[in-house]
Amino acid sequence: ELAERPTFEYPKNPITGEMEHNGKESASYEIVKERCDKYVKNELLESYNLIKGWTHDTLIGPLTFDMVYIDGGHSYPTVKWDYEQVKNSKVIIFDDTYPVKFPGVAKFIDELRASGINIKEIIEKNDSGKTIMQCAIIITE
C-alpha cells in the first residue's frame, strides 16, 4: 500500500501528446540549480550541466554516463525515450515504479525485465508499512 501523497498533473508532452504525471510538485530551474550547487559545495557532486527542457528535445543519444537517474516525465513514451538515449550507461535508476500511481513507468520496467535485463528493485516503507519509495536499478558492470 502506498503512503498518501498528492499527484500533480502537468501539461501534455509536446512530443508524445500524453499527460506527464509526477508524484510531487515540480521544482523550478532555480531550485534545482541551488540543490546542485549545494551538492558541489559539499563535494557530493564534482560538476553538473543542468539543461532545461523536455528530454525529447534535450536528451539526444546514444549517450553514456556512469550513472543516470530517470525521474522526469512519468508517461510510458517519455520513460522509454529517456532509457533508449542512455541505455549504455553503467548504472540506470528509475524512480517512481509504483504500478498504481505510475503505470507507464511500471509497464516499461516490466518490458525490460521480460526482455532479459536484470533489474533490482528497491522498496522503502514507513513505520506503518506503507510504501514511500520504490525504484528500479539496472547495473551493467
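The values are calculated or read from the model by the stated rules, or taken from the named source; none is laboratory data. All figures in this text were calculated on a predicted structure; none of them were measured in a lab. Neighbour counts are summed over all protein chains in view; Cβ atoms, including those assigned to glycine, are modelled from backbone coordinates with ideal geometry. All accessible areas refer to the heavy atoms of the entire protein, side chains included, with ligands and DNA or RNA removed. Shrake-Rupley method; radii C 1.70, N 1.55, O 1.52, S 1.80 Å.
A few remarks follow.
- Y48 being open to solvent by 40 Å² or more (accessible area, probe 1.4 Å), assigned to a strand (DSSP E or B) and either in contact (Cβ under 8 Å) with a residue 24 or more places away in the chain or not aliphatic (A, V, I, L, M) (or both): no
- Among residues of segment 87-141, those that are assigned to a strand (DSSP E or B) and among the acidic types (D, E), counted: 3
- Pairs with Cβ under 8 Å, 6+ apart, first in segment 108-120 and farther than 18 Å from G73 by Cβ, second part of a loop (DSSP other than H, G, I, E, B): R113/I119
- Subset of segment 55-104 (residues that are open to solvent by less than 10 Å² (accessible area, probe 1.4 Å) and free of Cβ contacts under 8 Å to residues at least 12 places away in the same chain): none
- Qualifying residue in segment 105-116 (condition: open to solvent by less than 60 Å² (accessible area, probe 1.4 Å), touching a strand residue (DSSP E or B) at 6+ places or on another chain (Cβ under 9 Å) and over 17 Å from W81 (Cβ atoms)): no
- The residue that is surrounded by the fewest Cβ atoms within 10 Å (Cβ to Cβ), among those in segment 122-141 that are charged (D, E, K, R) and modelled with pLDDT under 90, is E141.
- Flag for V40 being open to solvent by less than 50 Å² (accessible area, probe 1.4 Å) and either in contact with a Gly (Cβ under 7 Å, 6 or more places away or on another chain) or of a type outside the set (K, R) (or both): no
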